[in-house]
1. Residue pairs, Cβ under 6 Å, 6 or more apart or interchain, first in segment 495-518 and over 14 Å from V197 (Cα atoms), second basic (K, R) and buried (at least 19 other Cβ atoms within 10 Å of the Cβ). List them.
2. If you take the residues in segment 772-801 that are farther than 19 Å from L820 by Cα and among the β-branched types (V, I, T), which one is surrounded by the most Cβ atoms within 10 Å (Cβ to Cβ)?
3. Of all residues in segment 1013-1031 being closer than 19 Å to D1053 by Cβ and charged (D, E, K, R), which is surrounded by the most Cβ atoms within 10 Å (Cβ to Cβ)?
4. Pairs under 8 Å by beta carbon, first residue in a loop (DSSP other than H, G, I, E, B) in segment 30-41, partner of a type in the set (D, E) and modelled with pLDDT of 80 or more, six or more apart or different chains?
5. Under 7 Å by Cβ, and 6 or more places apart or on different chains, what pairs join a residue from segment 447-465 that is assigned to a strand (DSSP E or B) with one that is among the basic types (K, R) and modelled with pLDDT of 75 or more?
6. Restricting the search to segment 591-608, which residues are assigned to a helix (DSSP H, G or I), among the hydrophobic types (A, V, I, L, M, F, W, C) and in contact (Cβ under 8 Å) with a residue 60 or more places away in the chain?
7. Quick one: count up the residues across segment 340-377 that are of a type outside the set (S, T, Y) and within 17 Å of R437 (Cβ to Cβ).
Amino acid sequence: MSVAFGRVHGVVLLLYAAGRAPRDTDVFDFCPLNCTSSPTLFSVLPVPPPQGDAKLAALSTTARRAGVALAATLLFLLAAAPAGRWRWAVMLAAAWALARAPLGPSLPLATLFSPATFYRPLLRDVSASAGSLTVLGVVVLLGAAALWRRAPRRRWWSVAAALSLLLVAPYVVRYFGRGIQPPAGGVSLGLWLSWEVSLAAASMALVLLAAALVRGPVASARVPWTLPVACAWAALAAVGGLFLWRPTGAWPEWYTFMWLPALVGVIVPAPRRWALVGIATVAGTAAGLVTWGAAVEGRLQLARRDAQSLGTEGDAVAVALLERVGQEAQRGSPPHSAGELYALWQRSPLAAQDYPTVLALWSPAGNPVAEIRLATLDLDTPRLAALVRSPMTARGARVERLERVPGVHYVLVAPLPSGDLLTVGVGPRSRYMAPDRVARFLRGELGRAPPYSIFLGPAEPVLAGMGPDVSWTRDGWLARGERHVDLPGGARHVHVIVELGGLWGLLVRGALVVVADLLLLAAIGWFSRMLSEPWRLALPQTLTELRSSYRVRLTATLSGFFVLPVLLFAGWSFARLGDDARRAGDLLIRQTLRDAAPMAAQVPAGELGARLDADLWIYRGGRLIGASAPVLAELGLVDPLLAPRVFRGLALEDELEVTTDERAAGRPVRVGYLVVAPGPPAAFGTLAVPQLLDDERVRQQQEDLAYVLVLAILVGVVAAVVLAGLAAGTLARPVAALRDAAVAVGRGVSVPAFPPGAPLEFTPVLSAFERMASDVRRSQGALEEARRRTAQVLANVATGVVAVDPDLRVTMANPRAEELLGTALEPGDLLRRTAAPVWEPVWDAVAAFLAAGAAGIAEREFEVAGRQIRVQLAALGPSPDGCVVALDDATQLARAARVIAWGEMARQVAHEIKNPLTPIRLGIQHLQRARGGAADFDRTLQETAARILAEIDRLDAIARAFSRFGAPAAEQPPLEPVELHAVAREVVDLYALGGREGPTRFTLAGGAGAPVRAQRDEVKEVLVNLLENARNAGARAVEVRVDDDGRRVSVRDDGRGIPTEALGRVFEPTFSTTSSGSGLGLAIAKRLVESWGAAITLTSSAGQGTTVTVQFAAA
């Protein structure tokens, strides 16, 4: 709880039992009700961090937030910047921020930018850490990838520069590899990968840059033989390097030149994909080997320093740290228990420096009060007691030097303000000083393999042939170091062993590293393209292509068949390793319980635990009454009560032994319980033995198995891809043959023969295609014959015929069409380009017809270069099959039609004028006869004159009607708003007043509406014409109706009607159903109505009447 509170709030809580807290105003007491009337449960002292630590924490938080803001800004700029120099500028800014800005310690991978694990001074800050070197390598890789895409011309100086880079590359990698500095606590996988990636990026940058210089402008389409040979050579050189390495001098000088053939072979121009694979293989293999060798050399250095720290050499750092601990103990709150001793050590610099330590608290009389051993030091309790009871203790704190085994020990003896005495003993900082079981329980395992192992031989009087320095030899896959040290009791032999790793494990890890380097190089190549060229994420299209790809589906299926069993085997293997470790631990727990049970009641828990080298917990009635390490109970790492399930099984279900999984100090623990004193639930005794489940050997086995399984999965996926490619290629060959055959059929050429060896499943398809091709050839012959006959027919017709596709390309044309267009027409010609520009309106009409997708036949007329061209359009089929264009020159026909029409008009005019002239002639003759002596001459004169004037009016009306019909449209006055209902009412009222004594009754129906666009006088003239026609047809009732919001007027009568066979001619000029009419009334009405943009229709039945409707368009 204290640690969790400190992580959240930055303040550590010190918890004290009731009455054990120091007297301080900052101490808070927790009571059930209030501390005046109820006892104190516990006390809490908040301890704020020192000012320096708080400042560092604030700086780290600020740097972390600044890093996040900077990363977000750079990502936004990278997305918004145009491709090219601006994106490159953003990338360089990001690289500078990673390599130079003080953000490394604030990043999640702080060790990546720490010079404590990697440092070379050549490039100053850029090579001061593995992260900085990685950034530099990535930047150079991006530039080399961009240069590769530009494909510069190969020149003599570029070849020389490339060879120079290849010569320098091995030495550069070796130089940077010497900057690897493994920590004393061991190398984690992430740290090792950071070293390898930095070296791989540097080596790949040099090799890719050399390959770009010699690539040339023309990309190679084939994989050169040198590329696979270079990859194989690099793999053999790496395996040989594993055997050639020696603890003294690493590799021989000549070994570096073994990599030159591989480097030269990999830069030979090749397709981009395979070139990247080769470069990643060669450079990644070299980087992985150098990283392995550098990491081993670093471990040798750690082992050498460890071995040399043993003996009689002193440690001034340990003395200074102990003096500092003594000063802090005297200033702070004095400890009173083992738990407080552990807290004191945890706050001291000894914990940060990982010194093996023993702490003890003594009474003023020199009696032991509390003790905690964190390492197996050669400092027993009586020796420490002698130092405490020494007369020098009264003089104040001191540090005693003791020459013990395996080296110099230092003991701090410091009086405390409370009168008690504190002793802190430290030994050499060596892996030989194994942590005590309490320390293992408190701190857990390291979580990684130790970098080396160190042992101390028995005392011997003389050690011949061995010096004080460490001498190294290689023994298989082990590096052994030997030296002798002079210690109390005689000289000792120090053995140091550094494991190099087995051949199989190294090969597996090397293969995975090469794959990781290949993925890194591919990602950098893609990112370089994104920086230089416009790019957008076409994820939906890519997913669609992947889903529809047969090769991808087959690859996924084969991968699933291989990967799923491997994953199941992996799960079973991991579970088996865990179960084996668990069973071994349970066996050890049961044996410890059986050994401790007979002595549990007589021997104290601490002494019994020391005898059995195990932690013991003793419960009575389910409550904790003792522990071999009281510090664990004081720190709350031991449950004060048995777990309910355990208590129920032991006390109520008659179980004698139970083993369960629990957690202590945040780590998994396996705890075994044994009933050692049967009795009622409130008094039965139980002995418990805990054991940590952090087994480094099991973890190492699981890690090795994981590497093998990952490599197996990768191999399976690659095999699936290859097999899918082979299977897809086998199926693609007959499919490609079918495609070529289909193309040949479409072009009308002979179908090529299908290749032999097609899969059996394709035989029916190929046979069916051959039959189809034969049928198509017969159909093509028949179609060609029909086309030939059609061409012969069209060649002799007087109409020009042109067949076009949706793009107005000619597919067929007869000679008459070429004659009309005045140019030759060949299949494939564009009409708009081939024909004269005056035909453009015609082609616009054809394009509109095709766009509309009409199914019928459309007729249009155009005036082209003074000729009247009639165009008929008919679709060839459903869109977009094109259409047929029929062209007729109607110029002579229209001229003849006009001559005939005017002749007929002249005949009609003559006929109409002749009819009134006869009554006029007869009237004049009658007047001449009556003048001679008729008595009623005046009356006769008036009657005859009135008749003559009537005939003259008739002639005037005929002249005006023919004049109106013949008037051109350009002379029509502009349209104006007209109230249709008002005009209709005016006309109906006029006829109603003038015909009261007549048999015809005129009525108006409907209502007013919106005005329409027309001419008022023309509307009145049309209505008068229609009403006059209705009255002349013998109608007894005529109804004029205005509806559709004033946009429609209809005239309906009950006259004799019009015969069905004459309905189609009622609007023709000179057509009349009476002998007295001119035949121009409805023709004039239609012309006027159409000039308004309206439409006139007529419906009639013989003997039932006629209805004429004028419909105006919406405003």
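The values are calculated or read from the model by the stated rules, or taken from the named source; none is laboratory data. This is a predicted model, so every value here is computed, not measured. Cβ: placed from backbone, ideal geometry, glycine included. Neighbour counts: every protein chain shown.
1. V498/R299
2. So in segment 772-801, the residues farther than 19 Å from L820 by Cα come out as 772-790.
From what is left, the residues that are among the β-branched types (V, I, T) are 776, 790.
Details: V776: 17, T790: 14.
Residue satisfying both the conditions and the ranking: V776.
3. Among those that are closer than 19 Å to D1053 by Cβ and charged (D, E, K, R), it is R1031.
4. Hits for this filter: C35/D29; T40/D29.
5. If the second residue must be among the basic types (K, R) and modelled with pLDDT of 75 or more, the pairs left are I454/R431; L456/R492.
6. L593, A596, A597 - these are the residues of segment 591-608 that are assigned to a helix (DSSP H, G or I), among the hydrophobic types (A, V, I, L, M, F, W, C) and in contact (Cβ under 8 Å) with a residue 60 or more places away in the chain.
7. Pass one, segment 340-377, residues of a type outside the set (S, T, Y): 340-341, 343-347, 349-354, 356, 358-362, 364-375, 377.
Subset that is within 17 Å of R437 (Cβ to Cβ): 341, 345, 356, 358-359, 371-375, 377.
Counting residues in segment 340-377 that are of a type outside the set (S, T, Y) and within 17 Å of R437 (Cβ to Cβ) gives 11.
Every residue, every condition in (1) part of a helix (DSSP H, G or I); (2) within 52 Å of the chain's Cα centre (by Cα); (3) over 26 Å from A865 (Cβ atoms), yes or no:
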| position | (1), (2), (3) |
| --- | --- |
| V751 | no, yes, yes |
| P755 | no, yes, yes |
| A768 | yes, yes, yes |
| D775 | yes, yes, yes |
| L783 | yes, no, yes |
| R816 | yes, no, no |
| A824 | no, no, no |
